[in-house]
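J.: Dumping the structure here so I can ask a few things about it.
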Amino acid sequence: MSNRSATETAAAQGAWQAAHRRSLTDPDGFWGEAAGAIDWDRRWDRVLDDGDAPFYRWFTGAELNTCHNALDRHLAQGRGAQPAIIHDSPVTGSLRTITYAELQARVARFAGALRGLGVGQGDRVILYMPMVPEAAIAMLACARIGAVHSVVFGGFSARELATRIDDARPKIVVAGSCGIEPNRIVPYKPLLDDALAQASHQPAHCVILQREQQPADLLPGRDLDWTALEAAAEPADCVPVAATDPLYILYTSGTTGQPKGVVRDHGGHAVAMTWSMRQVYGVEPGEVFWSASDVGWVVGHSYIVYGPLLHGCTTVLYEGKPVGTPDAGAFWRVIEEHKVSVLFTAPTAFRAIRREDPEARHLARYDTSSLRALFLAGERCDPSTLEWAGDILGVPVVDHWWQTETGWAIAANCLGLEQLPIKPGSPTKPVPGYDVQVLGDDGYPVPPNTIGRIMIKLPLPPGCLPTLWANDERYLASYLGAEPGYYLSGDAGYFDEDGYLYVMSRIDDIINVAGHRLSTGGMEAVLAGHPDVAECAVIGVTDQLKGELPLGLVVLKAGVDRSEADIAAELVALVRDAIGPVAAFKTVLVVPRLPKTRSGKILRGTMKHIADGTDYRLPATIDDPAILEEIQAALAAAGYGDS
Ligand code: COA
Ligand code: AMP
């Protein structure tokens, strides 16, 4: 990458364009070649199968096993003694290294344990796990026997977990007894018990990983101890599955309270993950890749677990925060200690470090010379954070844009192909495989520098969602219904005159809080359930640290004369209880009325502008402009806007 010879640099020039063009004009040739990096039990009949368009499929007819490709294949190639997972846990003060051989043995055994509990091909297993190696072990064990895992992030509430249990209908739930946050232990098991009390579907068993920080009480008959189960199990072999079979379901916020079950297949996913490790991230097998995220998010699925392991890298599983565990030098320590080549995290993490250590004094204590690049994603990256990170680290900082749905980058500076000039504020150009277009309301592409809906012309490349779990109709309606032949990303933005993409905002009610994707509609549904609330709106207000923070505005029912502060506190508690602490919902303002259009649509966008103190145009369809003045006054009194 950085130490290329002049000849190599010349050869690389134009590599992105050549690869991108070929991926669109000859997808069979392009992805068929990429598939050579994977072991197949049966070769495909077709690379791209458009027989059931718009439901495109990749590698139909092929069979493979993802776990074999992530583990056993590397043993056969002599990687047995190489660390596969480094579990670095400042919150527990522990460090564990697990080699590929050890990981394969543990995964095979846990796969045997699951099979012993009756889990077979196609059965679902829900994982509610903290950042411990056993989370990855359980994921890979499912893949080994063809079961479908669905990981639920630990910061979600019991109710969110129950919703996912009812949708996925798992045979088994695997959970940690607790998660560990810097300021507290989060007991997961009571949340699981509560979720099961709320859910109509009941799994046959819960397998509980007891952590010494807070072991859980087990319900005899239903709950089983992970350690005992693993110790008693016979190892299970890899089962070949169809390339188009589901590997996992990952629920993500939709525009309603009901999360969307994004499905990932085996074959396309394995090919895309492996291709991206080298071509997007510029990483070689044997190197150390660190994705500072959580296994509960798509970044964790793709680049803590599957991508690095499929590519034969060492992955760092970090159970800590960028600051406070113990200080703003935590990331630099991990880079030095484990010789990290590439780091991937959300811009929020760097904003947090910068806020505590603007001069990057902690960095001077560590040798971070192993680091070749920093990748940022999960939310819009403000140019100032990107420039600061580049200045202090002295490596390329790559903003790249993707979503749970795609599973890997849609736009990026593909360092393994060719490093294009960096333009802060832009995630660079579409990644090979993605035909990204910005369309206007008339369905036609808009000129450069004009904002429109960012769409991807079908087919989506391998690795992207083939559908939503048990819900083809919602897949069609949510993603393919806006313009025939296009996937609707839900983001708005533009291309500049050099073909660089700028992703500016969502066109729906999704907000990004510290890189976590949340639905304001889901929060509004919770607020509306309070007996004193007549009407409500939740908006994402710009926040210096977390990018956005939700702010609730509520109108109370006539005759309610209780303390507004008490009601606000109840509403905050309700959202925390219903969605989880990750929503970071802490502020509610009681207002007399909400501004609306004449047709009754609440003007959330206008209120966001007022709260952010940014310019806005008075909507032509506004019903009563005087209400905006009331809102402005209420927001200013609470410290929002340009007060
Ligand atoms: N289990 C239980 N609770 C969790 C949790 C988990 N796995 N993860 C977060 N939470 C809780 C936090 O403890 C916090 O609770 P609190 O309101 O009681 O303090 C709440 O959810 C919000 O968490 P978070 O948004 O992470 O805020 P924070 O103040 O704890 O940390 C950052 C702020 C910036 C340090 C943190 O968000 C971060 O490291 N972000 C990095 C980016 C990242 O991981 N992005 C994911 C997608 S790439
Ligand atoms: P998630 O599904 O949680 O990964 O969130 C995906 C959403 O996060 C995208 O649709 C964008 O709105 C936002 N996002 C992710 N990465 C970027 C980025 N690099 N720039 C701008 N927005 C981003």
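J.: Under 17 Å between alpha carbons, and skipping anything fewer than 8 positions from Lys321 in its own chain: which aspartates and glutamates qualify?
T.: The reachable aspartates and glutamates, counting only those whose Cα sits under 17 Å from Lys321, are Asp88, Glu181, Asp294, Glu336, Glu337, Glu356, Asp357.
J.: Local charge sum around Lys596 (other residues, Cβ-Cβ under 12 Å, Lys/Arg +1, Asp/Glu -1)?
T.: On the way: positive: Arg593, Arg598, Lys601, Arg604; negative: Glu535, Asp623, Asp624.
With Lys, Arg at +1 and Asp, Glu at -1, the net is +1.
J.: Please state the relative contact order of the chain as a whole percent: Cα pairs under 8 Å, 6+ residues apart?
T.: Values: 1396 pairs, mean separation 76.0, N = 643.
Result for the chain is 12 percent.
J.: Moving on. Averaged over all directions, how much area does the convex hull of the C-alpha atoms of region 156-210 cover when projected, in nm²?
T.: Numbers: hull surface 14.4 nm².
For region 156-210, averaging the hull's shadow over all directions gives 3.6 nm².
J.: Taking 37 °C and 0.692 mPa s as the conditions, I'd like the Stokes-Einstein D for the chain in µm²/s, using the Kirkwood hydrodynamic radius from alpha carbon pairs. If you can, show how the numbers build up before the last one.
T.: Values: Rh = 25.4 Å.
This corresponds to a translational diffusion coefficient of 129 µm²/s.
J.: 7 Å from Cα along Cα→Cβ at both Arg598 and Thr25: what's the point-to-point distance in nm?
T.: Going from the Arg598 label point to the Thr25 one covers 5.2 nm.
J.: Report, by chain and number, residues whose modeled amide H sits under 5 Å from the one on Leu209, excluding near sequence neighbours (fewer than 5 apart, same chain).
T.: Amide H neighbours of Leu209, under 5 Å, 5+ apart: Ala175, Gly176, Ser177, Trp226.
J.: Moving to a separate point now. How big, in percent, is the set of alpha carbon pairs in region 1-160 lying more than 24 Å apart? Don't skip to the answer; put the middle values down first.
T.: Working: 7179 of 12720 pairs.
In whole percent, the long-distance tail amounts to 56.
J.: Between Ala204 and Ala101, what length comes free when the chain is fully extended (0.36 nm per residue of separation minus the Cα-Cα distance, one decimal in nm)? Mind showing how you got there, number by number?
T.: Details: separation 103, 0.36 × 103 = 37.08 nm, distance 3.10 nm.
Result for the pair: 34.0 nm of gain on full extension.
J.: Once the Cβ-Cβ distance between Glu181 and Asp41 is put in as r, and R0 is 41 Å, what FRET efficiency do you end up with, to the nearest 0.05? Let's see the in-between values first.
T.: Values: r = 42 Å, r/R0 = 1.03.
Computed FRET efficiency for Glu181 and Asp41 comes out at 0.45.
J.: Once every DSSP H run of n ≥ 4 in the chain is given -39500 (n - 2.57) and the sum is divided by its residues, what mean residue ellipticity at 222 nm do you get, rounded to the nearest 500 deg cm²/dmol? Mind dumping the intermediate values first?
T.: Values: 19 runs with 185 residues, N = 643.
It lands at -8500 deg cm²/dmol.
J.: Suppose R0 equals 25 Å; then what is the FRET efficiency for Glu630 and His609 from their Cβ-Cβ distance, rounded to the nearest 0.05? Intermediate values should be presented prior to the final figure.
T.: On the way: r = 16 Å, r/R0 = 0.62.
The computed FRET efficiency comes out at 0.95.
J.: Ignoring ligands, DNA and RNA, what percent of the 1.4 Å accessible area of the chain is carbon and sulfur?
T.: 50
J.: Can you give me the long-range amide H partners of Asp399? Hydrogens built in the peptide plane at 1.01 Å from N, cutoff under 5 Å, separation of 5 or more residues or another chain.
T.: Distant-sequence amide H within range of Asp399: Leu376.
J.: Could you work out how far apart the two model spin labels at Asp50 and Ile451 are, taking each label as a point 7 Å from the Cα in the direction of the beta carbon, and quote it in nm?
T.: 3.4
J.: Regarding region 548-609, what is the average projected area of its C-alpha convex hull, in nm²? Numbers along the way, then the final one.
T.: On the way: hull surface 20.9 nm².
Answer in nm², one decimal: 5.2.
J.: If Lys and Arg each add +1 and Asp and Glu each add -1, what is the summed charge of the other residues whose beta carbon sits under 11 Å from the beta carbon of Tyr188? Numbers along the way, then the final one.
T.: Working: positive: Lys189, Arg211; negative: Asp193, Asp194.
Result for the local shell: 0.
J.: State in Å² the accessible area per residue of the chain; use a 1.4 Å probe, count heavy atoms of protein chains only, and round to the nearest integer. Please list the in-between numbers first.
T.: Details: 23830 Å² over 643 residues.
In whole numbers, the chain has 37 Å² accessible per residue.
J.: Which shape class, rounded, prolate or oblate, goes with region 241-373 when its Cα gyration tensor gives a ≥ b ≥ c as root eigenvalues, a/c under 1.5 marks rounded, and past that a/b bigger than b/c marks prolate?
T.: Values: a/c = 2.95, a/b = 1.50, b/c = 1.97.
Oblate, because a/c is 1.5 or more while a/b does not exceed b/c.
J.: Right, next: Determine the sum of side-chain charges near Glu564: Lys and Arg each +1, Asp and Glu each -1, restricted to other residues whose C-beta is under 12 angstrom from that of Glu564.
T.: Working: positive: Arg562; negative: Asp532, Asp561, Asp566, Glu570.
Within the 12 Å Cβ shell, the charges total -3.
J.: If amide hydrogens are placed 1.01 Å from N in the peptide plane, which non-local residues have theirs closer than 5 Å to the one on Gly613?
T.: Residues meeting the amide H criterion: Gly641, Asp642.
J.: Starting from 0.36 nm per residue, how many nanometres of slack lie between Thr542 and Gln214 once their C-alpha separation is accounted for?
T.: On the way: separation 328, 0.36 × 328 = 118.08 nm, distance 3.66 nm.
Difference between extended and current length: 114.4 nm.
J.: Roughly speaking, what is the stretch gain from Asp166 to Asp498, that is 0.36 nm per residue apart minus the C-alpha to C-alpha distance, in nm to one decimal?
T.: Details: separation 332, 0.36 × 332 = 119.52 nm, distance 4.72 nm.
Extending this stretch completely gives an extra 114.8 nm.
J.: Can you give me the Cα centroid spacing of region 249-312 and region 554-632 in angstrom?
T.: Rounded to whole Å, the Cα centres lie 36 Å apart.
J.: Next question. Where the convex hull is taken over the Cα atoms of region 510-637, what is its projected area averaged over directions, in nm²?
T.: Value for region 510-637: 7.8 nm².
J.: I need to check one value: relative contact order of region 174-266, counting alpha carbon pairs closer than 8 Å and at least 6 residues apart, in percent. Write out the running numbers ahead of the final one.
T.: Numbers: 113 pairs, mean separation 19.0, N = 93.
That works out to 20 percent.
J.: OK, next. Determine, for each peptide in 339-349, 407-417, the mean count of other beta carbons within 10 angstrom over its residues, then list the peptides with the highest first.
T.: Working: 339-349: 23.0, 407-417: 25.6.
Those peptides, ordered most packed to least, come out 407-417, 339-349.
J.: Same structure, new question: Would you mind getting me the FRET efficiency between Arg365 and Tyr616? Use the beta-carbon distance for r and R0 = 45 Å, nearest 0.05. Please list the in-between numbers first.
T.: Details: r = 46 Å, r/R0 = 1.02.
E(calc), rounded to 0.05, equals 0.50.
J.: Between region 385-451 and region 154-223, how far is it from one alpha carbon centroid to the other, in angstrom?
T.: The two parts, judged by their Cα centres, are 38 Å apart.
J.: Okay, next question. Students often forget the sequence filter, so: which aspartates and glutamates lie under 16 Å Cα-Cα from Lys429 once same-chain residues fewer than 8 apart are removed?
T.: Asp399, Glu418, Asp491, Asp496, Glu497, Asp498
J.: A further question on this structure: With a point put 7 Å past each Cα toward its Cβ, work out how far Ala228 is from Glu387 in nm, to one decimal.
T.: Output for this residue pair reads 6.1 nm.
J.: Moving on to the next point. Could you tell me the relative contact order of region 510-637? Use alpha-carbon pairs under 8 Å, at least six residues apart, and round to a whole percent. Mind dumping the intermediate values first?
T.: On the way: 202 pairs, mean separation 28.0, N = 128.
Computed value for region 510-637: 22 percent relative contact order.
J.: Also, quick follow-up: Take peptides 379-385, 419-425 and line them up by average Cβ neighbours within 10 Å, highest first, as a rough protection proxy.
T.: On the way: 379-385: 19.0, 419-425: 16.6.
The densest-packed peptide leads the list: 379-385, 419-425.
J.: Continuing with this model, one more query. Within 10 Å, count the other beta carbons around each residue, average over each peptide in 105-118, 37-50, and list them highest first.
T.: Numbers: 105-118: 21.2, 37-50: 16.6.
The peptides rank, most packed first, as 105-118, 37-50.
The values are calculated or read from the model by the stated rules, or taken from the named source; none is laboratory data. Everything numeric here is computed off the predicted structure, so don't read it as measured data. Counting neighbours? That spans all protein chains shown, and the Cβs are built from the backbone with ideal geometry, glycine included. Note: areas computed on protein heavy atoms with side chains; ligands, DNA, RNA excluded. Shrake-Rupley method; radii C 1.70, N 1.55, O 1.52, S 1.80 Å.
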